[in-house]
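My questions all concern the structure below.
The values are calculated or read from the model by the stated rules, or taken from the named source; none is laboratory data. Remember, it's a predicted structure, so these values are computed and weren't measured experimentally. Please note: Cβ atoms are built from the backbone with ideal geometry, for glycine as well, and neighbour counts cover all protein chains shown.
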Amino acid sequence: MSWESDTTGYPERTFPTRVLNADSSSFYFRGKGKEPYTNAALDIASGSEAERSIYLAKLAITKSHLVAFPTETVYGLGANALDADAVSKIFRAKGRPVDNPLIVHISDLDMLQKLLPDGYELSPVYSALISKFWPGALTLLFPVDEAKVPSIVRCGLKTLGIRMPSHPVARALIAASGLPLAAPSANASGRPSPTTAMHVHRDLTARKGEEVVGRLPFILDGGPCHVGLESTVVDGVSSKNELRVLRPGGIGVEEIEEALRGRDLLAGAVGASTGAVRLRVYGKDMKRDKIEEANPTTPGMKYRHYSPDADVILLVCGEWRKAEGGGSDALRSPSILLHEFINDLVSHHSQHHGGKLRIGVMSMDDSKLTKALFPQEASSCQVDDAAYHLQHFSLGSQKTPNLAAQRLFEGLRTLDEGGGATDGKGCDVILVEALDNDAGVGLAFMNRLQKAASRAVHIQV
Ligand code: TXA
Ligand code: MG
């Protein structure tokens, strides 16, 4: 949705949106002891461009405006979390459903303390997770003090999601403002999350005559995000003996498990102490999920998320193995030969740009799929056939799933918009190769992909 089609009247004033350079190396944090610091003091290289950028962004935040900023996961669209009016602008700027709660971002533990109910003490499990993963890509849910945080941030829920980002620019903006920032991903609702300042710019601004105007005065540009997928959201408060991973993300489930095991906090493990919890992960049974998500009538596919305009299809390559504990559907779902699938796509797909079907392919350079579709070596990332045009976007190597995660949203946007194509035309359909392993960030990769895709197809290569 562009700001022009906004009928809510926000912003009454549209801003000449400016992208401000903010070089991460200009920021430095000091504190006593180890990270995460209780009081993180911010040093900024004096006279630097980054210093000026943070100053302008901080002014905007303190005046109830929105500022987009980089985090290590994805870019966020931030507002003062303690100011309900400022937070309401986030929902309107993104076109975000009003029942989708926001994460609050902090720069040190002192700020965390101020958000939590008086007298609240961290559980041993939360202490372990905070000392291991903060600052970083982990969001924890906490009980809420209604008087401290406006209801709009958490959409009236009894819990509040909080994280301490590790990106120096995000942390510097929070520390310089002295305010916790409520921030969802800075995309227009439903679009892939932004991993560069340009992605934010595309979603939240528009050209009006000579000017670029938008819903926010500033976008801080700190370069591409290195994780590329959002934080892992973990709930350790709703159930006494359980730690629930609600959304897989930048921190892998195995890492969380390892951190708990190391402190004897994993229930069922030898030597588990009191206060130990069982780790539960929604959607961890990926093999079964792949089948379920492939069925358009399953609830998981009801809403599309992370979607570019092009139709996204998930390609599961290789021999399909039977999922543990059932999943017999997998065996009944026939895998089809790659060339048959492409032929079928060309004959039946509804959109065609200029007669030829334009197919984007996001795949690992060393996979069988890439070798089958782009036999001319990696140097040739396009294939022009009479009936279709293939455009490759590399997800790195099969050995580097972190790179695939980092490039997923970038690839969806690039292929959708025609970036990389010699004629600059966008793709009609984007095929994305599934990772064969859901360890680490692989779980988050497949989770986002399943939400972006209209269907999954099993291919024999
Ligand atoms: O990495 C990230 O988490 C990024 C960066 C900007 O920090 N933020 C982000 O925010 O992804 P957003 O709003 O796009 O996604 C936040 C997710 C939503 O799915 C929301 O439902 C969930 O976190 N969430 C937030 N607060 C919650 C709560 N109190 N209970 C359950 N889920 C919550
Ligand atoms: Mg989001």
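What are the pairs, 6+ residues apart or on separate chains, where a residue within segment 232-246 that is closer than 10 Å to Leu279 by Cβ and without any contact (Cβ under 8 Å) to a residue 40 or more places away in the chain has its Cβ under 9 Å from a residue that is aromatic (Phe, Trp, Tyr) and assigned to a loop (DSSP other than H, G, I, E, B)?
These pairs meet every condition: Arg244/Tyr282; Val245/Tyr282.
Take the residues of segment 155-170 that are in a strand (DSSP E or B) and more than 15 Å from ligand 2 (Cβ to nearest atom): which is farthest from Ile103 (Cα to Cα)?
Within segment 155-170, the subset in a strand (DSSP E or B) is 159-163.
Checking the rest, the ones that are also more than 15 Å from ligand 2 (Cβ to nearest atom) come to 159-160, 162.
Values: Thr159: 11, Leu160: 7, Ile162: 5 Å.
For segment 155-170, the residue satisfying everything is Thr159.
Check whether at least one residue in segment 392-409 is part of a loop (DSSP other than H, G, I, E, B), in contact with a helix residue (DSSP H, G or I) (Cβ under 9 Å, 6 or more places away or on another chain) and of a type in the set (A, V, I, L, M), and report yes or no.
So far as segment 392-409 goes, yes, one or more of its residues are part of a loop (DSSP other than H, G, I, E, B), in contact with a helix residue (DSSP H, G or I) (Cβ under 9 Å, 6 or more places away or on another chain) and of a type in the set (A, V, I, L, M).
Still on this structure, please answer the following. Take segment 156-190 and flag every residue that is near ligand 1 (Cβ under 10 Å from one of its atoms), surrounded by fewer than 23 Cβ atoms within 10 Å (Cβ to Cβ) and polar (S, T, N, Q).
Once the filter is applied, which keeps residues that are near ligand 1 (Cβ under 10 Å from one of its atoms), surrounded by fewer than 23 Cβ atoms within 10 Å (Cβ to Cβ) and polar (S, T, N, Q), segment 156-190 yields Thr159, Ser189.
Let me ask you something else. Residues of segment 105-127 being more than 29 Å from Arg261 (Cβ to Cβ) and either of a type in the set (Val, Ile, Thr) or within 16 Å of ligand 2 (Cβ to nearest atom) (or both), which ones?
Correct list: empty.
Out of the residues in segment 220-251 that are part of a strand (DSSP E or B) and hydrophobic (A, V, I, L, M, F, W, C), state the one that is farthest from ligand 2 (Cβ to nearest atom). Walk me through how you get there before you give the answer.
To start, the set of residues in segment 220-251 that are part of a strand (DSSP E or B) comprises 220-221, 232-235, 242-247.
Still in the running and hydrophobic (A, V, I, L, M, F, W, C): 220, 233-234, 243, 245-246.
Details: Leu220: 18, Val233: 11, Val234: 17, Leu243: 22, Val245: 17, Leu246: 13 Å.
Among those residues, the one meeting the criterion is Leu243.
Restricting the search to segment 380-414, which residues are within 13 Å of the chain's Cα centre (by Cα) and of a type in the set (Asp, Glu)?
Glu410
Restricting attention to segment 191-222, which residues are of a type in the set (Gly, Ala, Ser) and either in contact with an Asp or Glu (Cβ under 7 Å, 6 or more places away or on another chain) or at pLDDT below 90 (or both)? Show your work before the answer.
Within segment 191-222, the subset of a type in the set (Gly, Ala, Ser) is 193, 197, 206, 209, 214, 222.
Ser193, Ala197, Ala206, Gly209, Gly214 - these are the residues of segment 191-222 that are of a type in the set (Gly, Ala, Ser) and either in contact with an Asp or Glu (Cβ under 7 Å, 6 or more places away or on another chain) or at pLDDT below 90 (or both).
Which of the residues belonging to segment 191-219 are within 16 Å of ligand 2 (Cβ to nearest atom), of a type in the set (Val, Ile, Thr) and surrounded by 24 or more Cβ atoms within 10 Å (Cβ to Cβ)?
Passing the criteria: Thr195, Val200.
Can we say Asn437 is within 26 Å of Asp203 (Cα to Cα) and either outside any strand (DSSP E or B) or in contact with a Gly (Cβ under 6 Å, 6 or more places away or on another chain) (or both)?
Values: within 26 Å of Asp203 (Cα to Cα): no; either outside any strand (DSSP E or B) or in contact with a Gly (Cβ under 6 Å, 6 or more places away or on another chain) (or both): yes.
No: the conditions fail for Asn437.
Report whether or not Ala84 is out of contact with any Gly (no Cβ under 9 Å at 6 or more places or on another chain) and more than 16 Å from ligand 2 (Cβ to nearest atom). Steps first, please.
Values: out of contact with any Gly (no Cβ under 9 Å at 6 or more places or on another chain): yes; more than 16 Å from ligand 2 (Cβ to nearest atom): yes.
Yes: the conditions hold for Ala84.
Among the residues of segment 193-214, which ones are assigned to a loop (DSSP other than H, G, I, E, B) and away from ligand 1 (no atom under 11 Å from the Cβ)? Outline the logic, then answer.
The first filter runs over segment 193-214 and keeps only residues assigned to a loop (DSSP other than H, G, I, E, B), leaving 193-196, 209-210.
The answer is Thr196, Gly209, Glu210.
Here's another thing I want to ask about it. Would you check if there is a residue in segment 62-80 being within 21 Å of Ser25 (Cα to Cα), more than 16 Å from ligand 2 (Cβ to nearest atom), in contact with a helix residue (DSSP H, G or I) (Cβ under 9 Å, 6 or more places away or on another chain) and of a type in the set (Asp, Glu)?
At the first step, the residues of segment 62-80 found to be within 21 Å of Ser25 (Cα to Cα) are 67-76.
Checking which are more than 16 Å from ligand 2 (Cβ to nearest atom) leaves us with 67.
Narrowing further to those that are in contact with a helix residue (DSSP H, G or I) (Cβ under 9 Å, 6 or more places away or on another chain): 67.
From what is left, the residues that are of a type in the set (Asp, Glu) are none.
Taking every residue of segment 62-80 in turn, none turns out to be within 21 Å of Ser25 (Cα to Cα), more than 16 Å from ligand 2 (Cβ to nearest atom), in contact with a helix residue (DSSP H, G or I) (Cβ under 9 Å, 6 or more places away or on another chain) and of a type in the set (Asp, Glu).
Determine the pairs where a residue that is within 17 Å of Asn447 (Cβ to Cβ) and of a type in the set (D, E, K, R), located within segment 218-231, has a partner that is within 16 Å of ligand 2 (Cβ to nearest atom) and assigned to a loop (DSSP other than H, G, I, E, B) with Cβ atoms under 8 Å apart, the partner being 6 or more residues away or on another chain.
The qualifying pairs are Glu230/Thr73; Glu230/Val74; Glu230/Ala137; Glu230/Ser193; Glu230/Gly249; Glu230/Gly250.
Right, here's the next one. Return only the number of the condition from (1) touching a helix residue (DSSP H, G or I) at 6+ places or on another chain (Cβ under 9 Å); (2) modelled with pLDDT under 95 that Gly228 does not satisfy.
Single failed check for Gly228: (2).
Return the residue satisfying two criteria in turn: it lies in segment 144-155 and is near ligand 1 (Cβ under 10 Å from one of its atoms) and surrounded by fewer than 24 Cβ atoms within 10 Å (Cβ to Cβ), and of such residues it is farthest from Gly222 (Cα to Cα). Give the steps one after another, and end with the answer.
Within segment 144-155, the subset near ligand 1 (Cβ under 10 Å from one of its atoms) is 144, 153-155.
Subset that is surrounded by fewer than 24 Cβ atoms within 10 Å (Cβ to Cβ): 144, 154-155.
Working: Val144: 32, Arg154: 28, Cys155: 30 Å.
Looking at residues that are near ligand 1 (Cβ under 10 Å from one of its atoms) and surrounded by fewer than 24 Cβ atoms within 10 Å (Cβ to Cβ), I get Val144.
Let me ask something else about it. Out of segment 171-188, which residues are within 16 Å of ligand 2 (Cβ to nearest atom), within 28 Å of Asp145 (Cα to Cα) and part of a loop (DSSP other than H, G, I, E, B)? Outline the logic, then answer.
Quick first cut of segment 171-188, residues within 16 Å of ligand 2 (Cβ to nearest atom) only: 181-188.
After this cut, where a residue has to be within 28 Å of Asp145 (Cα to Cα) as well, the list is 181-186.
Ala183, Pro184, Ala186 - these are the residues of segment 171-188 that are within 16 Å of ligand 2 (Cβ to nearest atom), within 28 Å of Asp145 (Cα to Cα) and part of a loop (DSSP other than H, G, I, E, B).
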